[in-house]
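> Quick one: the structure is below, and I'll ask about it shortly.
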Amino acid sequence: MRELSQLIDIEEPAWPELRETLDTSGVSVEVLPPDGDLGRASILQLQVTARSYLGAVVLHCGGLLVDDGWLRVFGSPVSGAAPGVPGLARVNQFPGTFDPGWRPEAGLVVAHDVLGGVFALNGAAPVGADRPGAPGEVVYFAPDSLRWEALGVGHSTWLAWLVSGALDEFYADLRWPGWKEEVRALNSDQGLSLSPPLWSAEARQDVSATSRRAVPMRELLGVARESCRQFDGVDPGFLGSV
């Protein structure tokens, strides 16, 4: 186990490089103010250094609202940073005080999108958690297929990819005219429930024909998990606690 000083007092911290990447991105990215105490507690629990993008986000950032809030990357937000925004510690149910024996059961949930999609960082044994990909790889729970998908990259590459403009292509079939206005109206603990649902043939054919309403993100994730169980008899596992 490494002490906090070994994690944060390091050469070549990642935050200056990451901050420059965010500031020069052509994508809308809001960097939320951090809670220093929460950031230090979180990086200690994660046992990652500030040289990593993950450590940099947790220590120096309250979270990222990417693409007008379509995607929420979790950090360590100060109270009131944004309406309803959760922190990485809360989303992943970190213990209240440092526990050297605690690890995320299946992997670390690092972001949610407004449709109930979940980005997670695989743990040491993804096969045992019924997830694709290698240890340390980012995977995505897709709300239109109700399946985990391996993205083939680690956390740092994934984070740079998010702000590169690639989300337009990634979500090309899941966005509709006027989506930005609907997303901007949400609190950061809300998502959009679509009817018919995303995984239906009707929504797959034309997502713009769906009706949409704001719901708590926990409700959206709960419905997705229960739908997996009902239709496939498969539990996708932990999708984050919001």
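> Given a Förster distance of 51 angstrom, what is the FRET efficiency for Thr24 paired with Asp130, based on the Cβ-Cβ distance and rounded to 0.05?
0.85
> Right, another one. For the chain, which longest stretch is free of loop sites, where a loop site is one of the chymotrypsin sites (Phe, Trp or Tyr not before Pro) that DSSP puts outside H, G, I, E and B and that has at most 16 other Cβ atoms within 10 Å?
Maximal segment without exposed cleavage sites: 103-242.
> Select from Thr157, Phe141, Ala129 the residue farthest towards the positive end of the dipole of the chain; place +1 on Cβ of Lys and Arg, -1 on Cβ of Asp and Glu, and compute about the Cα centre.
In the chain, that residue is Ala129.
> Once amide H atoms are built 1.01 Å from N in the peptide plane, which residues 5 or more positions from Glu137, or in another chain, come under 5 Å H to H?
The answer is Asn122.
> While we're looking at this one, here's another question. Classify the stretch 82-155 as rounded, prolate or oblate, taking a ≥ b ≥ c as the square roots of the eigenvalues of its Cα gyration tensor: rounded when a/c is under 1.5, otherwise prolate if a/b is larger than b/c and oblate if not.
Oblate, because a/c is 1.5 or more while a/b does not exceed b/c.
> Ok, one more. Go through the stretch 24-31 residue by residue and turn each phi into a ³J(HN,Hα) via Karplus (6.51, -1.76, 1.60, θ = phi - 60°); whole Hz please, and just put x for glycine and proline.
With coefficients 6.51, -1.76 and 1.60, one gets 9, 5, x, 8, 5, 9, 9, 9 Hz.
> With the Cα gyration tensor of the stretch 118-161 giving a ≥ b ≥ c as the square roots of its eigenvalues, does the rule (a/c under 1.5 for rounded; else a/b larger than b/c for prolate; else oblate) give rounded, prolate or oblate?
oblate
> Let me ask you something else. Give the value in nm², to one decimal: projected area of the alpha carbon convex hull of the stretch 161-242, averaged over all directions.
Over all viewing directions, the stretch 161-242 projects a mean Cα-hull area of 6.3 nm².
> Search the structure for amide H atoms under 5 Å from the amide H of Gly75, placed 1.01 Å from N in the peptide plane, and list their residues when 5 or more places away or on another chain.
Under 5 Å from the amide H of Gly75: Gly63, Leu64, Leu88.
> Amide H neighbours of Val109 under 5 Å, counting only residues 5+ apart in sequence or on other chains, H built in-plane at 1.01 Å?
Counting only residues 5 or more places away or on other chains, the set is Leu121.
> Explain nothing, just the number: relative contact order of the chain, from Cα pairs under 8 Å at least 6 residues apart, as a whole percent.
Answer for the chain is 16 percent.
> Ratio to report: Rg/Rh of the stretch 65-110, with Cα atoms as the point set and Rh obtained by the Kirkwood method; give two decimals.
My calculation puts Rg/Rh at 1.02.
> Now a separate question. Stretch Ser156-Gln93 to full length: gain in nm at 0.36 nm per residue minus the Cα-Cα span?
Net length gain for the segment: 20.4 nm.
> Subtracting the Cα-Cα distance from 0.36 nm times the residue separation, let me have the gained length for Ala172 to Arg213 in nm, one decimal.
Extra length from Ala172 to Arg213 when fully extended: 12.7 nm.
> Hey, another quick one. Give me the one-decimal nm value for the distance between modelled label points at Arg51 and Ser241, 7 Å along each residue's Cα-to-Cβ direction.
3.2
> Answer rounded, prolate or oblate for the stretch 1-105, using the Cα gyration tensor with square roots of eigenvalues a ≥ b ≥ c: rounded when a/c is under 1.5, else prolate when a/b is larger than b/c, else oblate.
oblate
> I'd like to check one number: the per residue accessible area of the chain, probe 1.4 Å, reported in Å² as a whole number.
46
> Evaluate 2.2 N^0.38 Å with N set to the residue count of the chain, then give the Cα radius of gyration divided by it.
Scaled against compact globular proteins, the figure is 0.98.
> Here's something else I'd like to know. About its Cα centre, what dipole magnitude does the stretch 2-138 give when the only charges are +1 on Lys and Arg Cβ and -1 on Asp and Glu Cβ, stated in debye to the nearest 20?
340
> Using a simple spin-label model with points 7 Å from Cα along the Cα→Cβ vector, what separation in nm is obtained for Asp232 and Ser200?
2.0
> How large, in percent, is the carbon and sulfur part of the accessible surface of the chain at a probe radius of 1.4 Å?
The nonpolar share, carbon plus sulfur, comes to 48 percent.
> Quick check: with the 1.4 Å probe, what order do Arg229, Arg204, Arg72 take by accessible area, largest first?
Arg204, Arg229, Arg72
The values are calculated or read from the model by the stated rules, or taken from the named source; none is laboratory data. Worth saying up front: this structure is predicted, and the values here are computed from it rather than measured. When we count neighbours, we look across all protein chains shown, and the Cβ atoms used for this are built from the backbone with ideal geometry, even at glycine. These area figures cover heavy atoms from the full protein model, side chains too; ligands, DNA and RNA do not enter into them. Shrake-Rupley method; radii C 1.70, N 1.55, O 1.52, S 1.80 Å.
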